[in-house]
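A.B. asks: First the structure, then my questions, so here it is.
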Amino acid sequence: MNDFYTRRQFAGAAAAGLLVGTRALTSSPRAHAADGDAPRRRTLRVAHLTDVHVQPERDAPAGFAKALRHVQSLADPPEMIINGGDAIMDGLEVGAARLDEQWKLWQSVLKEECSLPVQHVIGNHDVWGWNKKRSGTTSDEPGWGKQRTLDELGLDARYRSFDAGGWHFVVLDSIFPDDENAYIARIDEQQWDWLAGDLKASPADVPIGIVSHIPILSVATVEFEPYFVEKPGLRRSISHTDQWRFVELFRRHANIKLCLSGHLHLLERIDYAGITYICTGAVSGNWWKGNLLHVDEGYGLVDFYDDGSFEHQYVPYGWEVNES
Ligand SMILES: [Fe+2]
C-alpha cells in the first residue's frame, strides 16, 4: 500500500473497536476427493511472506528474522518462500543513502536467516525514486526505478513463470508510474502478450497459481473508501485497474485456481468464477506499529495438491511492537 492513509489513522481505527473477525483459515472449494477416489497428495508447501517493509526503526530486521525463523522451524516446514513484495519500507520517496540502508538490511537478514529458496515479487515500495520531488532523484541515477529492485532481488525479468510441485506459477509486475500517485496498479501491454502466451502454452491439466503484489480483485479495499473521497485518484493504486481484462482472460483457462497477493496488509479471500483470490496480511502488520484492523503480523502458508486444490492459512509469528 501507499501511504495514502496514515498508519496512525489505521492504528486508531483498530483501537476504536473497528476490529473485524479473526484470522482466517481458508481452504480450496474442491478440498477433498470424493469417497472411493484416490486421496489427493500434497506436492508443495509455500510460505508467502509479503510486505516485510524492512527498515532500521522499530526493530524491523529482528521482526523479519523472527518471521523467517518461525517459517523454518515449523514441524512441517515449507519447501519454498514467496516474497510477495514491499521488501523495504520505501524506495519511492527516498534518496540513495536511505535506499542503500534498507536494501542492506534486507540482504543481511535474508542471508543470515533464510535457507529456503525464495521467489521474489516486485512491490511498489521496492521501486526507487518515482516520487522525484520527495526522493530528490533525477531519474539519471544508476538503477533508478525498477533496475535497482531487480538487482537487489536477483531477478532477470520483472515478470516470469516457473513450475513447482506439479503446479505452474506466474509472477506478475503490477507496478507502473503514475503522475498523481507515483504508481498505478496494472500490467503493461508487453506483459499482457507474454501472459496470454504463457497461459496458452500451459497444459490444461496443470493447475496454475498467479502471484502479484497488488490484488487483482479485492473487497478489502472498502476499508480505504474514506481516503478516496479526498483523493479519488488513489483508487488506481489499491487494486488492479485492469481487473476486467484479467477476469476475461482467466475465463479461458479453467486450470487457474489461485491468485495470491499482498499490498493491502489485510487478509481476505474471494471466490469468483472458479478462482480464489487471496490477499495475505503482512509480515510488518501495520508497518511495524502493531496489527492492522483484524490482521496480526504474519505470513501465509499455502499447501498445493496434485488434484489442483490448495489450502491456505494465515500464521501470526508472535511479533511484539518495539517502539524504538
Ligand atoms: Fe506494503
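The values are calculated or read from the model by the stated rules, or taken from the named source; none is laboratory data. Since the model is a prediction, treat every value here as computed from it, not as a measurement. FYI the Cβ positions are ideal-geometry reconstructions off the backbone, even for glycines, and counts take in every protein chain you see.
A.B. asks: For Gly290, are the conditions met, namely being free of Cβ contacts under 8 Å to residues at least 40 places away in the same chain, under 29 Å from Asp59 (Cα atoms) and within 16 Å of the ligand (Cβ to nearest atom)? Step through it out loud before you land on a result.
C.D. replies: Values: free of Cβ contacts under 8 Å to residues at least 40 places away in the same chain: no; under 29 Å from Asp59 (Cα atoms): yes; within 16 Å of the ligand (Cβ to nearest atom): yes.
It is false that Gly290 is free of Cβ contacts under 8 Å to residues at least 40 places away in the same chain, under 29 Å from Asp59 (Cα atoms) and within 16 Å of the ligand (Cβ to nearest atom).
A.B. asks: Further, regarding this structure: Within segment 114-145, track down each residue that is under 24 Å from Val71 (Cβ atoms) and over 20 Å from the mean Cα position of the chain (by Cα).
C.D. replies: Within segment 114-145, Ser115 is the sole residue that qualifies.
A.B. asks: Another question, then. Tally time: how many residues in segment 37-69 are within 16 Å of the ligand (Cβ to nearest atom) and not in a helix (DSSP H, G or I)?
C.D. replies: Kept after step one, since they are within 16 Å of the ligand (Cβ to nearest atom), are these residues of segment 37-69: 48-55, 57-58, 60, 63-64, 67.
Within this subset, residues satisfying the condition of being not in a helix (DSSP H, G or I) are 48-55.
Of the residues in segment 37-69, 8 are within 16 Å of the ligand (Cβ to nearest atom) and not in a helix (DSSP H, G or I).
A.B. asks: Follow-up. From the list Gly136, Gly123, Gly129, exactly one residue is farther than 29 Å from Val46 by Cα and buried (at least 19 other Cβ atoms within 10 Å of the Cβ). Which is it?
C.D. replies: Selected residue: Gly129, the only one of Gly136, Gly123, Gly129 that is farther than 29 Å from Val46 by Cα and buried (at least 19 other Cβ atoms within 10 Å of the Cβ).
A.B. asks: Let me ask something additional. Given the criteria out of contact with any strand residue (DSSP E or B) (no Cβ under 8 Å at 6 or more places or on another chain) and modelled with pLDDT of 95 or more, does Arg58 qualify? Let's see the steps before the verdict.
C.D. replies: Details: out of contact with any strand residue (DSSP E or B) (no Cβ under 8 Å at 6 or more places or on another chain): yes; modelled with pLDDT of 95 or more: yes.
The answer is yes for Arg58.
A.B. asks: Across segment 294-324, what is the total count of residues that are within 23 Å of Pro61 (Cα to Cα) and either out of contact with any Lys or Arg (no Cβ under 9 Å at 6 or more places or on another chain) or modelled with pLDDT of 95 or more (or both)? So that I can check it myself, show each step before the final result.
C.D. replies: Pass one, segment 294-324, residues within 23 Å of Pro61 (Cα to Cα): 295-301, 314-324.
In the following step, the residues that additionally are either out of contact with any Lys or Arg (no Cβ under 9 Å at 6 or more places or on another chain) or modelled with pLDDT of 95 or more (or both) were identified as 296-301, 314-320.
Of the residues in that region, 13 qualify.
A.B. asks: Condition test on Leu217, is it in a loop (DSSP other than H, G, I, E, B), among the hydrophobic types (A, V, I, L, M, F, W, C) and more than 16 Å from the ligand (Cβ to nearest atom)?
C.D. replies: yes
A.B. asks: Something else: Within segment 280-320, count every residue that is hydrophobic (A, V, I, L, M, F, W, C) and closer than 21 Å to Pro77 by Cα.
C.D. replies: So in segment 280-320, the residues hydrophobic (A, V, I, L, M, F, W, C) come out as 282-283, 287-288, 292-293, 295, 301-302, 304, 310, 315, 319.
Subsequent filtering for residues that are closer than 21 Å to Pro77 by Cα retains 282-283, 301-302, 304, 310, 315, 319.
Residues that pass the stated criteria total 8.
A.B. asks: Given the conditions (1) on the phi < 0 side of the Ramachandran plot; (2) without any contact (Cβ under 8 Å) to a residue 60 or more places away in the chain, report the number of the one that Gly285 does not fulfil.
C.D. replies: (1)
A.B. asks: While we're here: How about segment 81-187: which strands (runs of 3 or more DSSP E) wholly inside it have at least 1 residues that are in contact (Cβ under 8 Å) with a residue 60 or more places away in the chain and more than 16 Å from the ligand (Cβ to nearest atom)?
C.D. replies: Working: elements: 118-120, 160-164, 167-171, 175-178, 182-185.
Counting at least 1 such residues, we get 118-120, 160-164, 167-171.
A.B. asks: Buried (at least 22 other Cβ atoms within 10 Å of the Cβ) and either hydroxyl-bearing (Ser, Thr, Tyr) or over 16 Å from the mean Cα position of the chain (by Cα) (or both), is that true of Thr241?
C.D. replies: Numbers: buried (at least 22 other Cβ atoms within 10 Å of the Cβ): no; either hydroxyl-bearing (Ser, Thr, Tyr) or over 16 Å from the mean Cα position of the chain (by Cα) (or both): yes.
Answer is no for this residue.
A.B. asks: Out of segment 229-284, which residues are assigned to a loop (DSSP other than H, G, I, E, B), in contact with a Lys or Arg (Cβ under 7 Å, 6 or more places away or on another chain) and away from the ligand (no atom under 16 Å from the Cβ)? If you could, list the steps in order and put the result at the bottom.
C.D. replies: Taking segment 229-284 first, the residues assigned to a loop (DSSP other than H, G, I, E, B) are 231, 238-242, 251-255, 262-266, 273-274, 281, 283-284.
Of the ones still in play, those that are also in contact with a Lys or Arg (Cβ under 7 Å, 6 or more places away or on another chain) are 240-242, 273.
Result: Thr241, Asp242, Ala273.
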